[in-house]
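Have a look at the structure below before the remarks.
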Amino acid sequence: MRILVWHVHGGWMEAFVRGRHEYLLPTSSDGGAWGLGRGGREWPAAAQEVDLESLDPGSVDAVVLQRPEEIAAVARALGRRPGVDLPAVYLEHNTPKGDVPFTLHPLADQSTIPVVHVTHFNQLFWDTGTATTTVIEHGIPDPGHLYSGEQEEMGVVVNEPVRRGRVTGTDLLPGFAGVGPLRVFGMGTEDLREALNLKGSGLSEERLRIAGDVPAPKLHQELARCRLYLHPLRWTSLGLALLEAMHLGMPVLALATTEASRAIPRGAGLVSNDVDDLRKFARRLLDDPDDAYAMGIIAREAALQHYGLNKFLGAWDQLLAELPKATRSGSRPQSGTAFARHDTDASHDTDARHDTERTHP
C-alpha cells in the first residue's frame, strides 16, 4: 500500500517506516510541523518525501492521521475525504489533557475513521464516545544489547523538560540528583541546569550532566553506559525512550503512572509512586552493578517480547488491510461527526505544535 503519513512523532516513525509498504511523507521547503519529510533520518527507501500539493490523489491507498487538522489538509490537497473516499485511521499518540477522565477526543462519536491508541491506558482514559477504537502498542527497532552500566549515573531522556515541567517529572530530578549523578538527554535540556538550581539545594552542579539532543545511534551508545534508566514522567503516553532503554538491557525505575506498570515486568527494576522508595532503589543499583545488569536482562527480554518490531508491523498490516472494507466510497459524513467538524476549513496552522513524547527529534 501507499500510505500518506506526516512525520510528526520521530520515534514512532522509526518503527512504522520499516514495514512492507510505501510511506509518503509530506515535505516543504521550510520543513516544520507540516513538511518535515524524512527529517534527515536514515530510513528505508520506502519512506519517500512527497509534495502534497502535487501528489497524484489516486496514488494514495490510505492515510494515517495524527492531528485533527490533517483531515482538512488531505481533503484540500487530494480532493479525497479521509474516512469517506480515502481509507483512514487516526493515530492518537498522547494521553488526554484537560478535564481527565472526561476529555472528549477530537474524533469522538463518528464512524468513518477508527482511532488507534498506542497504549491501553490511553484507550481507557480518552472519551471517544461511539467511535471505533483499537490499540496497537509500540514497536522498537532493536538497538541491541549494548548495556555496560560502567558509569555510576542515572540516564534520563526527556524533551523540553523545562517547558513541560511537572508533566515530565522535572521537579523530581533534584531529589534523584541528591542520590547520584544524572545524565540527561533530549531537546531543550540546555536550560535545565538553571531551572533546577542544584546549588540552591546544596548539590554540586556535577550531579546534573547535560548530554543534549543527540542522534539515535549515539544516544543508545551513551545511554547504555549509564548504570540505570530513570523515567520520572507523570502524565505522558508510554515513552519510547523507556522501551529503548529496556531493549538496551538497562534496569529501569519509573513512576507507576499511565502505562508503565504494564510495560515494566517484575524484576526489571522498580515501578512505584513512592518517590523515596525509587530513590533508595536507585542508590542500590548505583552501588551494585551486577544486580543492575541482571535486572537489565529481564527488562530486555520483556521489551523484545511485548514491544518487538515484527509484532508492531504485523498489527499495522492487519489493520491497514481491513481499512478499504470498512470505508465505502461516496458515503456521506454523519451529522456531528469529527469529519464534519473538521472538513469546513481546509486550512491548517503551519506553526501548530504536537506535544508528543518523542525519544529524539
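Here are a few things to note about the model shown:
- Only residues that are without any contact (Cβ under 8 Å) to a residue 40 or more places away in the chain and either part of a loop (DSSP other than H, G, I, E, B) or of a type in the set (S, T, N, Q) (or both) were counted in the stretch 11-24, giving 1.
- Taken over the stretch 185-203, the criterion of being surrounded by fewer than 22 Cβ atoms within 10 Å (Cβ to Cβ) and outside any helix (DSSP H, G or I) is satisfied by Met187, Gly188, Asn197, Gly202, Leu203.
- Check on Ala241, surrounded by fewer than 24 Cβ atoms within 10 Å (Cβ to Cβ) and either touching a strand residue (DSSP E or B) at 6+ places or on another chain (Cβ under 8 Å) or part of a helix (DSSP H, G or I) (or both): no
- Residues in the stretch 25-53 that are touching a residue at least 24 places away in the same chain (Cβ under 8 Å) and either among the β-branched types (Val, Ile, Thr) or over 24 Å from Gly11 (Cβ atoms) (or both): Thr27, Val50, Asp51, Glu53.
- Inter-residue pairs, beta-carbon under 8 Å, first farther than 14 Å from Trp6 by Cβ and without any contact (Cβ under 8 Å) to a residue 40 or more places away in the chain and in the stretch 54-77, second open to solvent by 10 Å² or more (accessible area, probe 1.4 Å) and outside any helix (DSSP H, G or I), 6+ apart: Pro57/Gly79; Pro57/Arg80
- Conditions (1) over 22 Å from Ala241 (Cα atoms); (2) in a loop (DSSP other than H, G, I, E, B); (3) of a type in the set (A, V, I, L, M, F, W, C): number failed by Leu146: (1)
- Against the criterion of being outside any strand (DSSP E or B) and open to solvent by less than 40 Å² (accessible area, probe 1.4 Å), Val8 qualifies.
- Positions within the stretch 261-274 being more than 18 Å from Gly155 (Cβ to Cβ) and in a helix (DSSP H, G or I), in sequence order: Ser261, Arg262
- Within the stretch 264-299, the set of residues being in contact with an Asp or Glu (Cβ under 9 Å, 6 or more places away or on another chain) and open to solvent by less than 60 Å² (accessible area, probe 1.4 Å) comprises Pro265, Ala268, Leu270, Leu285, Leu286.
- First in the stretch 179-195 and within 17 Å of Lys218 (Cα to Cα), second anywhere and charged (D, E, K, R) and assigned to a helix (DSSP H, G or I), Cβ under 9 Å, 6 or more apart: Arg183/Glu222; Phe185/Glu222
Table: residues versus (1) open to solvent by 50 Å² or more (accessible area, probe 1.4 Å); (2) within 28 Å of Glu301 (Cα to Cα); (3) within 15 Å of the chain's Cα centre (by Cα).
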{"residue": "Pro114", "(1), (2), (3)": "no, no, no"}
{"residue": "Thr130", "(1), (2), (3)": "yes, no, no"}
{"residue": "Ile140", "(1), (2), (3)": "no, yes, yes"}
{"residue": "Tyr147", "(1), (2), (3)": "no, yes, no"}
{"residue": "Met154", "(1), (2), (3)": "no, yes, no"}
{"residue": "Asn159", "(1), (2), (3)": "no, yes, yes"}
{"residue": "Arg166", "(1), (2), (3)": "yes, no, no"}
{"residue": "Gly169", "(1), (2), (3)": "no, yes, no"}
{"residue": "Leu182", "(1), (2), (3)": "no, yes, no"}
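- The set of residues in the stretch 13-33 that are at pLDDT below 95 and open to solvent by less than 30 Å² (accessible area, probe 1.4 Å) contains only Gly31.
- Unique match (being crowded, with 18+ Cβ neighbours inside 10 Å, assigned to a helix (DSSP H, G or I) and without any contact (Cβ under 8 Å) to a residue 60 or more places away in the chain) among Leu219, Leu173: Leu173
The values are calculated or read from the model by the stated rules, or taken from the named source; none is laboratory data. Quick caveat, the model's predicted, so the values are computed rather than measured. Positions of Cβ are generated from backbone atoms using ideal geometry, with glycine treated the same way; all protein chains shown enter the neighbour counts. Just the protein is used for accessible areas: all its heavy atoms, side chains included, with ligands, DNA and RNA removed. Shrake-Rupley method; radii C 1.70, N 1.55, O 1.52, S 1.80 Å.
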